[in-house]
Amino acid sequence: MADRNDLSIYDTHADRWWSDEVRWIRTLKNMVPGRLSFFDDFIDWQDKQVLDVGCAGGFLAEALDARGATVTGIDPAEDALRAARDHAEQNGRDIRYDTGVGEDLPYTDAMFHAVACVDVLEHVTDVQATLHEIARVLKPGGLFFYDTINRNPVARLAAITMAEDVLKILPKGTHDPDMFIKPAELHAMMRTAGLVPLKETGLGPRGVTRRLDPSFGRVPTKAVIYMGVARKD
């Protein structure tokens, strides 16, 4: 059986991150418009200082840069960060990329207007510590944008059995179902960190692309993936 929560995949595939050759990486890219169709309702990104926690190869970071934000990305995957830096440079995007983890962010207090943390919380070693760090680096009134995977039998079936084993749109071992997070648990941890949950919705497949990859957007159920926004007190 494959090891679970295998984060090495972000480095081992880094040289093809922007090539559109790898289906699971294309799937991650396809999720960005669906996320932003929700996040955009809460903020005008123009001239905002924004941190992308767990940025990997830079899909969300570049989309935020295109919206006029001043973007910093951080991730422990150094090869993925190299791919992100190279692609940003090739496309004239001024994005700062740092090596690090959510539990120990190397930034001063109240530095960012917004923090995004997508497809990350279900992978970190300490969710509560990560949320405390996110709250620390947010300005008062700043916004926290996130998505993660619910913990229940339906989510396990969808995210592991179907996505990894049957459809093979994710590498085996990408997720550990024991690390999935129920919304009520996340809300409690956010409040402990000083983050007030504002709104949440489901995120899921809404169709297929011409390459028969899933495209994503808001869905009425939070049973599998859910995304939301919170505000720092």
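If we count other beta carbons within 10 Å of each Cβ, what is the order of ARG67, ARG35, ARG96, fewest first? Let's see the in-between values first.
Numbers: ARG67 17, ARG35 24, ARG96 13.
Ascending number of Cβ neighbours within 10 Å: ARG96, ARG67, ARG35.
Can you put ARG85, ARG4 in order, fewest other beta carbons within 10 Å first?
Details: ARG85 17, ARG4 14.
Listing ARG85, ARG4 from fewest to most nearby Cβ atoms yields ARG4, ARG85.
Kindly write out, for the stretch 50-62 in residue order, the coupling ³J(HN,Hα) from the Karplus curve 6.51 cos²θ - 1.76 cosθ + 1.60 (θ = phi - 60°), rounded to whole Hz, with x marking Gly and Pro.
Using θ = phi - 60°, the values come out as 10, 10, 9, 8, x, 6, 6, x, x, 4, 5, 4, 5 Hz.
How far apart, in nm, are the 7 Å Cα→Cβ label points at ASP41 and ASP6?
Spacing of the two 7 Å Cα→Cβ label points: 3.7 nm.
Kindly write out, for the stretch 84-100 in residue order, the coupling ³J(HN,Hα) from the Karplus curve 6.51 cos²θ - 1.76 cosθ + 1.60 (θ = phi - 60°), rounded to whole Hz, with x marking Gly and Pro.
Running phi through 6.51 cos²θ - 1.76 cosθ + 1.60 with θ = phi - 60° gives 5, 5, 4, 5, 4, 5, 5, 10, x, 9, 8, 10, 8, 10, 10, 8, x Hz.
Calculate the length of the line joining the C-alpha centroid of the stretch 203-233 to that of the stretch 120-194, in whole Å.
With the stretch 203-233 and the stretch 120-194 each reduced to a Cα centre, they are spaced 14 Å.
How large is the helix-only mean residue ellipticity at 222 nm for the chain, computed as the sum of -39500 (n - 2.57) over DSSP H runs with n ≥ 4, divided by its residue count, in deg cm²/dmol to the nearest 500? Intermediate results must be reported in sequence, preceding the final value.
Details: 7 runs with 68 residues, N = 233.
The helix contribution divided over the chain gives -8500 deg cm²/dmol.
Greater than 28 Å separation of Cα atoms is the criterion. Which listed pairs, LYS172/LYS232; LYS29/LYS199; LYS139/LYS172; LYS172/LYS199; LYS168/LYS232, meet it?
Numbers: LYS172/LYS232 36 Å; LYS29/LYS199 23 Å; LYS139/LYS172 38 Å; LYS172/LYS199 32 Å; LYS168/LYS232 38 Å.
Checking Cα-Cα distances, LYS172/LYS232; LYS139/LYS172; LYS172/LYS199; LYS168/LYS232 exceed 28 Å.
Taking amide hydrogens as modeled 1.01 Å from N in the peptide plane, which residues meet the under 5 Å criterion relative to VAL219, leaving out close sequence neighbours?
Amide H neighbours of VAL219, under 5 Å, 5+ apart: GLY202, LEU203, GLY204.
All of the numbers you see were taken from the coordinates with simple rules; none came from a lab. Not measured: the values here are computed from a predicted model. Here Cβ is always computed from backbone atoms with ideal geometry, including for glycine, and neighbour counts include all displayed protein chains.
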